[in-house]
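Inspection log for the structure reproduced underneath, given as structure tokens.
The values are calculated or read from the model by the stated rules, or taken from the named source; none is laboratory data. Please read these numbers as outputs of a predicted model, since none were measured by experiment. Cβ: placed from backbone, ideal geometry, glycine included. Neighbour counts: every protein chain shown. Keep in mind that these areas ignore ligands, DNA and RNA; they rest on the heavy atoms of the full protein, side chains included. Shrake-Rupley method; radii C 1.70, N 1.55, O 1.52, S 1.80 Å.
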Amino acid sequence: TGSSRPQRMLKAVQKNATKGDPQSVISAIDYYCRHKEWAMNVGDDKGLILDSVLTEVNPSTALELGTYCGYSTVRIARLLSPGSKLITVEFNPAFAEVARQIIAYAGLQDKVTLVEGPSGDLIPKMKERFGIKYFDFVFLDHWKDRYVPDTKLLEDCGLLKKGTVLLADNVICPGAPEYLKYVRNSPRYESRYYKSNLEYTKVEDGLEKSVFLG
Ligand SMILES: Cc1ncnc2c1ncn2[C@@H]1O[C@H](/C=C/CNC(=O)c2cc(-c3ccc(F)cc3)cc(O)c2O)[C@@H](O)[C@H]1O
Ligand SMILES: [Mg+2]
């Protein structure tokens, strides 16, 4: 049987990027997905917003929901300070396997823990399994109808602290209307929309940054 899109993306990284150089991995994926085959990475335009929010937060512990091929995992991990950790959650084993290889190619495997399974099952286990007290930063980029239930779960599991930043991809396209309503109407969040465009296209999309107020 033929290769999958994630496998072709991995091949493009192995062919065009430099081992141990995260920026070259990011550029290789962006080039491939813009010129050869679109894929649902956060991409270069929204990626710059992700970078700037990350640099501002400088998280010690970060969580990503929806690893896919590891593009945003590499974007986040490359900006973490020494000793900081990123936990990324992915329930599709084939995607997780490609992501592990892309993360390792970038040389970031020591900063990243990729956990396979559904976010709803794994979030309640974060404290016991990974010794996490709180997350300073959460990137939501998995199924859009899971953004609200998982945000509530993070609250209920005591994994958010005053100042924790949630950054959600695709709040316009494909859209996460319930999530926008939730964080924008809740007194427990201070929310802001960063307008951008859907990865590798001219279609509008954006990121919603929500600060947990405790
Ligand atoms: C509960 C649970 N637990 C664990 N892993 C989970 C999980 N739910 C999903 N996953 C994982 O996360 C990724 C899924 C990402 C979903 N993202 C999108 O659907 C998406 C779509 C577009 C898009 C926009 C316009 C179009 F025309 C077509 C597609 C753009 C995007 O940026 C997206 O993120 C994928 O790797 C999936 O296995
Ligand atoms: Mg996305």
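If the condition is being in contact (Cβ under 8 Å) with a residue 12 or more places away in the chain and more than 17 Å from the chain's Cα centre (by Cα), then region 16-32 contributes N16, A17, K19, G20, D21, A28, Y31, Y32.
When S210, S191, S196, S186 are checked against the criterion of being among the polar types (S, T, N, Q), without any contact (Cβ under 8 Å) to a residue 40 or more places away in the chain and in contact with an Asp or Glu (Cβ under 9 Å, 6 or more places away or on another chain), S191 stands alone in meeting it.
Considering only residues in region 138-162 that are more than 16 Å from ligand 2 (Cβ to nearest atom) and outside any helix (DSSP H, G or I), the one that is most open to solvent (accessible area, probe 1.4 Å) turns out to be K162. For region 163-183, taking the residues that are closer than 20 Å to E204 by Cα and over 18 Å from the mean Cα position of the chain (by Cα), the one that is farthest from ligand 2 (Cβ to nearest atom) is identified as K181.
Of the listed requirements (1) within 11 Å of ligand 1 (Cβ to nearest atom); (2) in contact with a helix residue (DSSP H, G or I) (Cβ under 7 Å, 6 or more places away or on another chain); (3) in a helix (DSSP H, G or I); (4) open to solvent by less than 40 Å² (accessible area, probe 1.4 Å), L180 misses just one: (1). Residues that are in a helix (DSSP H, G or I) and within 12 Å of ligand 1 (Cβ to nearest atom) within region 41-90 comprise G43, D45, K46, G47, L50, Y71, S72, T73, listed in sequence order.
For V115, indicate whether it is over 19 Å from V53 (Cβ atoms), within 15 Å of ligand 2 (Cβ to nearest atom) and touching a residue at least 12 places away in the same chain (Cβ under 8 Å). It is false that V115 is over 19 Å from V53 (Cβ atoms), within 15 Å of ligand 2 (Cβ to nearest atom) and touching a residue at least 12 places away in the same chain (Cβ under 8 Å).
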